[in-house]
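Input: a single structure, listed below in structure tokens.
The values are calculated or read from the model by the stated rules, or taken from the named source; none is laboratory data. Just so it is clear, the model here is predicted, and its values are computed rather than measured. Here the Cβ is made from the backbone with ideal geometry for all residues, glycine too, and neighbour counts use every protein chain on show. Surface areas here come from the heavy atoms of the whole protein model, side chains and all, with no ligands, DNA or RNA. Shrake-Rupley method; radii C 1.70, N 1.55, O 1.52, S 1.80 Å.
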Amino acid sequence: MPAANVIQLRTLLAEKIPGLRMRLEAPHMAEYKFQAAGLRQIDEPLQGGFPKGAITEVIVAGAYYGSSTLLQSLVQQAAKANEILTLIDGNDSFDVTQLDEKMLSRLLWIRCRSVAQAIRAADLALRDGNLSWVILDLKSNSDQQLRKISPATWYRFQRLVEETGTACVIFTPRRMLAPARARINLRLQISLGAMECNPGGLQHQIKIEVSNSMRLGGNGIPPSTFK
Amino acid sequence: MFAAIYIADFSLEALLRNAPDLRATPVALVDSDLPKPAIIQCNAAAKTFGIVDGLTASQALARCSNLEIIIRSTAPEASATEILLQTAYAFSPNIEATAPGVCTLELKGLDLGNLPAMKLWCKKILQALGSAGLEARIGVAATPDLALLAAHRPESISIIQDAEDFVADLPISALAPPVEVLEILTRWGVRSTGEFLRLGKTEISERFGPVALELFKRISPRSVRPLKLFSPPELFSEQMEFESEIETLKPLLVWLNRFAGQLSRRLEAIYLVAAKLHLRLGLAAGGPYEHTIDIPSPTGEERVLCRMLQTHLETLRTASPIISLQLSALPTKPEMHQFGLFQNTLRNPNQFAETLARLAALVGAENIGTPVLEATHRPDAFRLQPPNFEFTPAHHSKQTIQNEGMPLRRFRPPLPAQFEFDETKPVRISCNIFSGMITEIRGPFLSSGNWWDENRWAREEWDVETFGGPLLRLFRSGEGCYVEGVYD
């Protein structure tokens with residue numbers, strides 16, 4: 001039970017600095033709402049989808065693929081749920097021609113040419129408050145550019161999404177985001193044979209490894225792999 | 001019954017509404033267009049130092065060393081006239097722009113039968129003008145001319161119920177007769193209009209002619225002249241001509257914020273909001289810069305209007321310094337929006353529009369929006385259009401709409417590459433992201449289009465699996481060999 005003067009101090013700080021976070025610890029899992037990804041491999045281990053008001057890091061490392069497959073799936077899911085999805089395309093690499101026009105109708109696509117531009121665009125999008133789902137795709141940006149991002153940037157983003165309740169998903173080629181509340185690794189290996197199956201089938205071939213969901217709550221969830 | 005709104009020292013008042021901190025200090029207005037520039041109006045603080053109309057600036061400064069001298073400007077007077085007439089129009093459908101700083105309103109049909117209702121009505125008009133920075137007085141009487149005479153009284157609201165009593169006590173100078181007539185009347189010892197009336201209409205008109213008849217008509221409670229009805233413009237604007245040129249954003253924003261606040265208050269006073277903002281910057285060299293800002297969710301909120309203007313100006317570079325500023329607002333009625341049960345719309349459309357403007361300034365307007373596919377087989381053919389999430393219909397279909405082909409992560413522009421061919425198929429590739437053998441290949445897939453115009457295109461396309469590398473889409477066209485993207 002905090003002492004009376006601590007309560008007074010907190011009240012004073014809250015008045016002086018609106019939006020100030022008073023707790024050091026992250027909110028408990030049960031306090032989050034979720035943005036359903038529409039894929040069982042993601043929604044089940046994350047207990048409902050990407051947490052709102054938090055950052056989820058999606059790592060597609062090394063010889064694995066699947067980030068564009070997942071992105072397409074998320075655009076489809078947003079259109080079905082009639083949600084606005086903001087895609088900040090770090091290296092202008094998203095292929096829209098493979099999607100149905102109805103699926104694209106709820107997409108706000110921001111085509112960037114550098115990491116610095118993408119980070120500034122993400123900053124603006126996260127501050128808006130209207131955008132419930134913001135995806136930042138840094139998968140195809142060069143490592144040289146990515147190394148220039150200050151770690152403080154991610155903490156600033158975390159504070160922004162906490163205020164606006166935005167579900168922020170960031171695609172990266174390696175683990176980069178210290179304050180990510182959820183971190184998942186994509187595992188998809190594709191061959192020319194996969195051309196035969198439809199993209200919906202491909203989406204279900206993605207293997208997801210939830211590598212760091214400990215931060216989601218006090219009890220945490222052990223790392224798990226979903227196929 | 002008629003009401004007259006009167007703004008004393010109108011030209012000075014129009015300027016002081018943009019500089020309210022000067023009201024307490026001695027201020028005099030000089031008309032530089034006169035053959036001999038002289039003071040034409042001054043405030044009460046200046047009058048205490050003996051400043052009167054007609055003095056030159058140096059004479060006035062000799063009487064009051066800290067006198068603030070302002071040069072008359074037509075732009076603030078135009079704004080103040082607009083405010084006066086638009087405010088009056090919000091209270092009566094029949095108004096007349098009688099003179100600069102004077103507006104006459106007809107009260108017929110306004111249901112102001114009793115004195116308290118009339119006083120309240122007058123008070124609301126004064127409040128509305130006060131919120132726009134104008135100090136006015138109102139007179140209500142049986143005729144327009146008597147109402148104006150009543151408005152000249154020092155009280156802020158003068159309601160004349162007994163016109164004859166009111167006229168009897170008026171000083172003769174209040175009728176503003178010609179100087180020679182006033183001199184003669186003064187010599188005769190006629191000080192009030194009551195004394196003037198007692199001389200008799202016929203006798204006076206024999207002496208002074210039509211001038212006297214005009215004076216009689218002005219004070220007669222039965223002489224109701226028809227109003228020259230006026231409809232104010234639907235655009236609300238504020239304007240200013242700067243004495244010194246503006247070269248940076250900061251001083252311009254100070255004025256714009258002030259104007260946005262004034263427009264906001266003017267609109268609020270008559271229960272309207274702004275649907276569009278029109279900005280006009282007069283430039284020192286050449287024509288003006290003009291820009292219209294559409295407000296997605298019409299609002300009268302000062303903060304929102306200021307932010308929209310600021311966002312636009314942050315990226316603006318003008319060819320020369322700014323010498324004048326005009327901000328206009330197109331008014332509309334406030335929106336009553338009923339949200340659908342399943343409608344996921346924008347919570348704050350104005351904030352969203354501002355974010356889009358900032359993003360467009362960052363990445364370029366051509367790089368932000370909702371993609372729309374072009375009706376062509378040309379690869380990667382799409383255009384971006386401004387997003388409209390407000391009225392996008394929901395997709396209630398439970399079925400997943402299947403896209404076509406394996407998702408591709410594109411290189412824009414395509415990566416130049418070198419292919420080694422075995423007869424017609426590439427067997428080895430060398431480019432920035434991969435160099436090595438192709439282990440499996442599908443294609444060529446031939447496509448072409450626009451053969452009928454200069455934009456014709458034709459290409460051969462292959463999907464290839466590389467040895468220990470990514471799955472690529474390659475193509476060869478007239479310009480060379482390229483990697484179009486990585487299957488991802």
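Summary of values
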{"quantity": "Within-12-Å neighbourhood charge of B:T292 [Cβ basis; K, R +1; D, E -1]", "calculated": "0"}
{"quantity": "Carbon and sulfur %, accessible surface of the range B:54-202 computed with the full protein complex present, 1.4 Å", "calculated": "53"}
{"quantity": "Cα gyration tensor category, rounded, prolate or oblate, for chain B with a/c compared to 1.5", "calculated": "prolate"}
{"quantity": "Local electrostatic count, A:L85, Cβ distance below 14 Å [Lys/Arg +1, Asp/Glu -1]", "calculated": "0"}
{"quantity": "Interface residues, the range A:69-86 - accessible area loss of 40 Å² or more versus chain alone, probe 1.4 Å", "calculated": "A:Q76, A:K80, A:N82, A:I84"}
{"quantity": "Amide hydrogen neighbours beyond the local backbone of B:T439, cut-off 5 Å, H modeled", "calculated": "B:E465, B:T466, B:F467"}
{"quantity": "Over the protein assembly as shown: helical MRE at 222 nm, DSSP H runs n ≥ 4 each giving -39500 (n - 2.57), nearest 500", "calculated": "-9000 deg cm²/dmol"}
{"quantity": "Heavy-atom SASA rank of B:Y271, B:Y487, B:Y289 (probe 1.4 Å, accessible area, largest first)", "calculated": "B:Y271, B:Y289, B:Y487"}
{"quantity": "The range B:2-161: radius of gyration and largest Cα-Cα distance (Dmax), Å", "calculated": "16.9, 54"}
{"quantity": "Percent carbon-and-sulfur accessible area, the range B:236-332, ignoring ligands, DNA and RNA, probe 1.4 Å", "calculated": "49"}
{"quantity": "Backbone HN-Hα couplings from phi across the range B:438-453 [Karplus 6.51/-1.76/1.60, Hz, Gly and Pro as x]", "calculated": "9, 8, 9, 9, 10, x, x, 9, 9, 8, 7, x, 6, 5, 8, 9"}
{"quantity": "Dimensionless Rg/Rh of the range A:84-205 - Kirkwood Rh, Rg from C-alpha atoms", "calculated": "0.98"}
{"quantity": "Contact surface A-B: accessible area buried, both sides summed, square angstrom, 1.4 angstrom probe", "calculated": "5300"}
{"quantity": "Förster radius 56 Å - calculated FRET efficiency between B:V254 and B:N455, Cβ distance, rounded to 0.05", "calculated": "0.65"}
{"quantity": "The range B:236-332 - percent relative contact order, Cα under 8 Å, separation 6 or more", "calculated": "46"}
{"quantity": "Partner lysines for B:K123 [C-alpha distance under 28 Å; skip if fewer than 8 residues away on the same chain]", "calculated": "B:K47, B:K108, B:K228, B:K333"}
{"quantity": "Globularity index of the protein assembly as shown, i.e. its alpha-carbon radius of gyration over 2.2 N^0.38 Å", "calculated": "1.37"}
{"quantity": "Scattering curve values for the range B:408-487, log₁₀ I(q)/I(0), Debye with Cα scatterers, q = 0.25 Å⁻¹", "calculated": "-1.25"}
{"quantity": "The range B:280-385: Cα Rg divided by the 2.2 N^0.38 Å rule of thumb", "calculated": "1.39"}
{"quantity": "Space enclosed by the convex hull of the alpha-carbon atoms of the range B:236-332, per residue, Å³", "calculated": "83"}
{"quantity": "Loop GluC sites (Glu not before Pro), the range B:437-477 (other Cβ atoms within 10 Å of the site Cβ: 12 or fewer; DSSP)", "calculated": "B:E454"}
{"quantity": "In the range A:94-154, trypsin sites (Lys or Arg not before Pro) in a DSSP loop with at most 14 other beta-carbon atoms within 10 Å", "calculated": "A:R147, A:K148"}
{"quantity": "Under 14 Å from the Cα of B:K201 - aspartates and glutamates, other chains or at least 8 residues apart", "calculated": "B:E214"}
{"quantity": "Partner aspartates and glutamates for A:K16 [C-alpha distance under 18 Å; skip if fewer than 8 residues away on the same chain]", "calculated": "A:E163"}
{"quantity": "Reciprocal of mean inverse Cα separation for the range B:441-488 (Kirkwood radius, Å)", "calculated": "11.6"}
